Structure formats: structure tokens, C-alpha cells
Amino acid sequence: YPKQRALARATIQMFSQKNISIPKKTGLEKIIREVWAYEQKRLHRLFMRHTGKQQRKNISTLLNKGECEQKYQIVALRQEMKNFNTSQIENALTQHALLHPIFKIADLLVPKLNIPNSTVEYYASLVDYYKGTRLISLNPISVQIYLLCYCFIQYMKLNDTLLEAFKRRSLDYHRK
């Protein structure tokens, strides 16, 4: 479980920085479990308070399977551009269009969740860690938060990639 390992590592590091004696393994596990549960409840409450039913439904659409393909939309979004040819740019523009409505939700909601950027990146990385099928088996609210963070990060990366593609293609046309 990557969540607990990272949290345990950070807790032990904090204990050593503050010169606190490290409790027994069972005591540490209990502390981490309680802190993790409290943080998850806090995030779930904020998420539910600041999103509407339709917004949550839009986020959940990423776990639907595509019409033409039998893979989850979130899996298709993880495919990055390999080069700047026309078909790759068209795929990136399709991904951009799919992410845009969810990014608008994330842009408003992520600051309200009051979590650091490293945590947003961590939650986004969980979407890569868990595959589409495994994401469905997790807590639905947690998954929506992970997807929201993923879209928040991925949309900005995709914007940068598309700008780079535009820049390269423009320079190529200018040279020709």
C-alpha cells in the first residue's frame, strides 16, 4: 500500500527531526491509521461539500469504457505524445477536450481541499499506480479525488506539450 509507506516514512522522519522517541511498531501503526482516516474523512467532507452531483458524475465518466475501445477512458488519457506528428497532436487535442471540463472543476476545488502540491501530485500518481479495474474497487469518493488531482496535473502537462508542439510545428513551417 503506497499511501501508508509514504506516510510512515514522513512520520518517522518528523520524529527524528523533533527528537521524539519512536513508539513501538503497533503504536506507530495505530497513530498512522488514525491520522490517515482523519485526513480521508476531512477530504471526503470537503469534496462532497464543494461539488455537485453533476460534477461528481463528470469526474466518474473517466472510469467508463470508451465507445470504440474496450479500455477505460482514464487509461487512454495516460498515453503521452511520442512525437509531434499530426495524429499525435490530434490525439492530444482529444485528450485536452476530455480533460477540460474536469480541469475546470479541479481548478476551483483543489485549492479548497487545502492540500500541498506534493499531495496533489501523489494522489495523481495513484491513478497511474492503480489501473482502471483496481480504481473501481476503491472507495468512490477517494477515487474521484484521485481522478480530480490527476486531471489537474495532466491538463497542465498536456497544455505544455501542446504549446511545445505548436512551437516546433510553427518553426518547421517557418524554416520551409
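The values are calculated or read from the model by the stated rules, or taken from the named source; none is laboratory data. Since this is a predicted model, take the numbers as computed values, not measurements. Every residue, glycine among them, receives a Cβ derived from its backbone with ideal geometry; neighbour counts consider all protein chains shown. We work out accessible area using only protein heavy atoms, side chains counted, and drop any ligands, DNA or RNA first. Shrake-Rupley method; radii C 1.70, N 1.55, O 1.52, S 1.80 Å.
Looking at the stretch 49-64, which of its residues are out of contact with any Ser or Thr (no Cβ under 9 Å at 6 or more places or on another chain) and either surrounded by 13 or more Cβ atoms within 10 Å (Cβ to Cβ) or acidic (Asp, Glu) (or both)? First the steps, then the outcome.
Of the residues in the stretch 49-64, the ones out of contact with any Ser or Thr (no Cβ under 9 Å at 6 or more places or on another chain) are 49-58, 60-64.
If the condition is that a residue be out of contact with any Ser or Thr (no Cβ under 9 Å at 6 or more places or on another chain) and either surrounded by 13 or more Cβ atoms within 10 Å (Cβ to Cβ) or acidic (Asp, Glu) (or both), then His50, Thr51, Gln55, Arg56, Asn58, Ser60, Thr61, Leu62, Leu63 are the ones that fit.
In the stretch 97-113, how many are within 16 Å of Asn159 (Cα to Cα) and open to solvent by less than 40 Å² (accessible area, probe 1.4 Å)? Talk me through it step by step, then tell me what you get.
Taking the stretch 97-113 and keeping what is within 16 Å of Asn159 (Cα to Cα), we get 97-104, 106-107.
Next, only the ones that are open to solvent by less than 40 Å² (accessible area, probe 1.4 Å) stay: 99, 102-103, 106.
The qualifying residues number 4.
Residues to consider are Tyr129, Tyr173, Tyr155; find the one that is in contact with a Pro (Cβ under 7 Å, 6 or more places away or on another chain) and open to solvent by 10 Å² or more (accessible area, probe 1.4 Å).
Working: Tyr173 fails: in contact with a Pro (Cβ under 7 Å, 6 or more places away or on another chain); Tyr155 fails: in contact with a Pro (Cβ under 7 Å, 6 or more places away or on another chain).
Selected residue: Tyr129, the only one of Tyr129, Tyr173, Tyr155 that is in contact with a Pro (Cβ under 7 Å, 6 or more places away or on another chain) and open to solvent by 10 Å² or more (accessible area, probe 1.4 Å).
Only one residue in Arg33, Arg9, Arg5 is in a helix (DSSP H, G or I), open to solvent by 30 Å² or more (accessible area, probe 1.4 Å) and modelled with pLDDT of 80 or more, so which one is that?
On the way: Arg9 fails: modelled with pLDDT of 80 or more; Arg5 fails: modelled with pLDDT of 80 or more.
Of Arg33, Arg9, Arg5, the one residue that is in a helix (DSSP H, G or I), open to solvent by 30 Å² or more (accessible area, probe 1.4 Å) and modelled with pLDDT of 80 or more is Arg33.
Per-residue answers, yes or no, for (1) over 30 Å from Trp36 (Cα atoms); (2) part of a loop (DSSP other than H, G, I, E, B); (3) basic (Lys, Arg); (4) modelled with pLDDT under 80:
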| position | (1), (2), (3), (4) |
| --- | --- |
| Ile74 | no, no, no, yes |
| Glu80 | yes, yes, no, yes |
| Lys104 | no, no, yes, no |
| Ser118 | no, no, no, no |
| Arg169 | yes, no, yes, no |
